[in-house]
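I have placed the structure first, in the form of structure tokens, so that the comments after it can refer back to it.
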Amino acid sequence: MTTTPTEELLSLLQLERLEENFFRGESRDIGTRYVFGGQVLGQALSAAQQTVDSERSAHSLHAYFLRAGDIEHPILYNVERTRDGGSFSVRRVTAIQHGQPIFNFSASFQIEEPGVEHQLTMPEVPKPADVAPPTPLPAEELAKLPPKLQRWFGRSGPFEFRHVYPRDDLNPPKRPPYQQVWFRLSNRIADNPVLHRALLAYASDFHLIGTTMFPHGISFLQRNVQVASLDHALWFHRPFRVDEWLLYSCDSPTAQGGRGLARGMIYSEDGRLVASTAQEGLIRLRPEST
């Protein structure tokens with residue numbers, strides 16, 4: 001039976017519970033060299049949520065990527081029940097492969113309560129219906145790429161992305177370090193806020209580090225460019241659905257010392273700020289081989 005990319009992703013987030021605080025997750029090859037960071041984020045959040053009372057929702061997470069993940073092997077998630085207070089719970093998760101930690105993660109959960117509200121206004125950009133979907137790479141250009149990247153560009157992923165200001169990563173121009181991208185899950189799914197948060201954690205790892213390379217006219221496709229996520233932070237602000245259009249507005253305030261910092265704000269189509277992100281990534285330029 002053929003499964004859709006959305007069904008594959010939902011299955012990926014359904015972890016096997018080995019013990020009370022110990023879970024196992026499979027990995028999916030999406031064309032990246034190593035396990036995609038968003039997969040580990042989503043699975044770690046899923047593991048942590050299963051140890052928290054259902055009335056407490058994740059409002060923030062902070063993670064460090066310690067080692068590259070092996071796509072060919074499962075990942076074990078060990079959850080530490082750090083604290084359960086009157087309103088907040090905190091969980092610490094360690095992801096393990098081959099006996100070594102590859103990822104550390106802390107998440108905070110809160111019982112819903114009223115409070116003061118304000119938010120930054122969503123950038124003025126065209127609606128997703130007015131933004132063209134990405135143009136597939138021509139077959140002759142796709143054939144020039146390594147097999148892994150051919151899979152990345154040739155696949156039909158679970159999320160649909162529409163770039164307000166498209167960029168050619170094969171021939172990247174220099175431009176200011178910001179971008180806006182509309183995205184949504186390709187298929188409608190159940191009304192389960194826990195699942196929608198895990199899926200947003202997965203999708204939030206797209207586009208951030210790429211923004212840090214815009215001013216330098218480089219991209220992850222170039223053989224002399226080494227890029228890797230070092231950490232990731234995500235805050236959930238308001239209810240949302242990942243199967244409805246969301247705007248990812250990203251910018252990069254600085255890059256230095258082989259690292260670049262990127263920030264993101266995620267809005268619903270009606271302008272509500274539903275989540276914020278931040279990430280620092282490794283950016284190394286290696287000498288061109290002759």
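Is it the case that some residue within the range 195-204 is among the hydroxyl-bearing types (Ser, Thr, Tyr) and under 30 Å from residue 111 (Cβ atoms)?
The answer is yes; a qualifying residue exists.
If you check 233, 203, 262, which single one turns out to be of a type outside the set (D, E, K, R) and farther than 26 Å from residue 130 by Cβ?
On inspection, the qualifying residue turns out to be 233.
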Determine which single condition residue 165 fails, assuming it passes every other condition in (1) farther than 24 Å from residue 284 by Cα; (2) modelled with pLDDT of 95 or more. (2)
Please work out which residue is modelled with the highest pLDDT, limiting yourself to the range 125-137 and to residues that are loosely packed, with under 10 Cβ neighbours inside 10 Å and part of a loop (DSSP other than H, G, I, E, B). 132
For the range 209-247, enumerate the residues that are within 17 Å of residue 33 (Cβ to Cβ), free of Cβ contacts under 8 Å to residues at least 60 places away in the same chain and not aliphatic (A, V, I, L, M). 210, 219, 220, 222
Just wondering, is there one or more residues in the range 194-212 that are buried (at least 23 other Cβ atoms within 10 Å of the Cβ), β-branched (Val, Ile, Thr) and touching a Cys at 6+ places or on another chain (Cβ under 7 Å)? yes
May I ask you to list the residues in the range 56-73 that are at pLDDT below 95 and either under 25 Å from residue 273 (Cα atoms) or over 18 Å from the mean Cα position of the chain (by Cα) (or both)? 72, 73
Among residues of the range 1-58 being aliphatic (A, V, I, L, M) and part of a strand (DSSP E or B), the residue surrounded by the fewest Cβ atoms within 10 Å (Cβ to Cβ) is 18
Say whether the condition of being in a strand (DSSP E or B), under 28 Å from residue 249 (Cα atoms) and not aliphatic (A, V, I, L, M) is met by at least one residue in the range 110-124. yes
Which of the strands (runs of 3 or more DSSP E) contained wholly in the range 198-269 include at least 3 residues that are at pLDDT 95 or above? 231-236, 246-256, 259-268
Just checking, does the range 99-107 include any residue being over 22 Å from residue 281 (Cα atoms) and hydrophobic (A, V, I, L, M, F, W, C)? no
Pairs only if they're at least six apart or on different chains, beta carbon under 7 angstrom, first in the range 263-286 and of a type in the set (Lys, Arg), second surrounded by fewer than 17 Cβ atoms within 10 Å (Cβ to Cβ) and not in a strand (DSSP E or B); list them, first residue then second. 272/238; 284/258; 286/224
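Do the conditions hold for residue 68, that is, is it touching a Leu at 6+ places or on another chain (Cβ under 6 Å) and either exposed (fewer than 15 other Cβ atoms within 10 Å of the Cβ) or of a type in the set (A, V, I, L, M) (or both)? Spell out how you get there, then give the answer.
On the way: touching a Leu at 6+ places or on another chain (Cβ under 6 Å): no; either exposed (fewer than 15 other Cβ atoms within 10 Å of the Cβ) or of a type in the set (A, V, I, L, M) (or both): yes.
Answer is no for this residue.
The values are calculated or read from the model by the stated rules, or taken from the named source; none is laboratory data. In this text, all values refer to a predicted model and were calculated from it rather than measured experimentally. As a convention, Cβ positions derive from the backbone with ideal geometry for all residues, glycine included, and neighbour counts pool all protein chains shown.
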